[in-house]
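Okay, so here's the structure we're looking at.
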Amino acid sequence: MTQWDVFSNQPLEGNSLAVFSDARGLSDSEMQAIAKEMNLSETTFIFPRDPQIESERGVRVRIYTVEEELPFAGHPTLGTAFALRGRTNAPEIVLELNVGKVPVRFEENDGVFGEMAQKDPFFGPIHDRETVAGITGLAPDDFDSALPIQTVSTGLPFTIAPLKSLALIQKLRIDAQRASEYLEKSDGKFFYFVTRETVDPAAGLHARMIFYNGEDPATGSAAGCTAAWMVRHQVAAPDERVLIEQGIEMRRPSRIFVRASFSGEPSSERGDNRVVNVRVGGNAVEVMRGEFFL
């Protein structure tokens, strides 16, 4: 077992991830119990198989939170690819997740940078500000009126909620249970709060994600959805690499780099399938190695 800090090149920052390199023989209930024991945002389990199968289909990986298995998540995908790359220094690692194949490409540029390609986005409903305000305890005019609250999925659906200011997002407090009950009825998984005011002048967005009565320091799957949302609503240009800062409030600063392409002329009036080639990248650093006894 190794542990990685993902979306940072500094130990003790970013989002921690436990990676089990050989999960063959573990049951679903054992993997869930181990993830709960690790008590991190996610834990991944690698299932080695014949090299020919891996070359055709990718390395089989399953992702667990402390509560459930996920079909896809960003920082576990990136961190697991970094763990696998340590054996080969390959320029690309392909994972076979429950959502299918996800490639991660690596760049050698002032350290190793990995970038995953996510599924093309599905744009879900746009939400009423007053309704969301009532659910979250915010005021309707706390939200950025120039941008929609919208559910987007690149494998896992997030409801992107843009706020007007950094001050609002920094003092954010929501009832995660009420939020979850609302999102279950509207095909969302979690809220991803963002604002265009940032701590780092180089960042394009500041983000927070409250879940399971806690907080996630870096959410790569939500960041991919947000990349698509930014291009769709002209917050970012097609293929512009944007830095999303997250985890600052919980003292786990994370740097998530995102971009997405557009298959035609950018316009929010275009069809949902026109934003393509969503990519999410960052660094990762190994911070621990150990053995786990059952």
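Readers should treat all values here as calculations from the given coordinates under stated rules, not as data from a laboratory. It should be emphasised that the depicted structure is a prediction, and the values quoted were computed from it without experimental measurement. Heads up, the Cβs are rebuilt from the backbone with ideal geometry, glycines too, and the neighbour counts pull from every protein chain shown.
For GLY124, nonlocal amide neighbours, meaning residues 5 or more places apart or on other chains whose placed amide H falls under 5 Å from its own, are THR151, VAL152, SER153. Result for the chain in a Gaussian network model with C-alpha springs under 10 Å: among GLN234, GLN170, GLN52, the largest mean-square fluctuation is at GLN52.
Scanning the chain for chymotrypsin sites (Phe, Trp or Tyr not before Pro) that sit in a DSSP loop and have at most 15 other Cβ atoms within 10 Å, the longest stretch containing none of them is 1-211. Here the Karplus curve 6.51 cos²θ - 1.76 cosθ + 1.60, taken at θ = phi - 60°, turns the phi angles of the range 26-33 into couplings of 7, 7, 4, 5, 5, 5, 5, 5 Hz, with x standing for Gly and Pro. Across the range 122-279, C-alpha contacts under 8 Å between residues 6 or more apart give a mean separation that, scaled by the residue count, equals a relative contact order of 18 percent. Look at the alpha carbon pairs under 8 Å that are at least 6 residues apart: their mean separation over the length of the range 46-93 gives a relative contact order of 24 percent.
Cut-off 10 angstrom, C-alpha nodes, Gaussian network model of the chain. Which of ALA73, ALA176, ALA146 fluctuates the most? For the chain, modelled as a Gaussian network with Cα springs under 10 Å, the answer is ALA146. Charge dipole (Cα centre; +1 on Lys/Arg Cβ, -1 on Asp/Glu Cβ; no other charges) of the range 122-279 amounts to roughly 380 debye.
Over all pairs of different C-alpha atoms in the range 171-294, the reciprocal of the mean inverse distance, the Kirkwood hydrodynamic radius, equals 16.0 Å.
Taking 25 Å as the straight-line reach from the Cα of LYS36, the lysines in range (excluding those fewer than 8 positions away in the same chain) are LYS189.
Direction-averaged projected area, Cα convex hull, the chain: 14.9 nm², rounded to one decimal.
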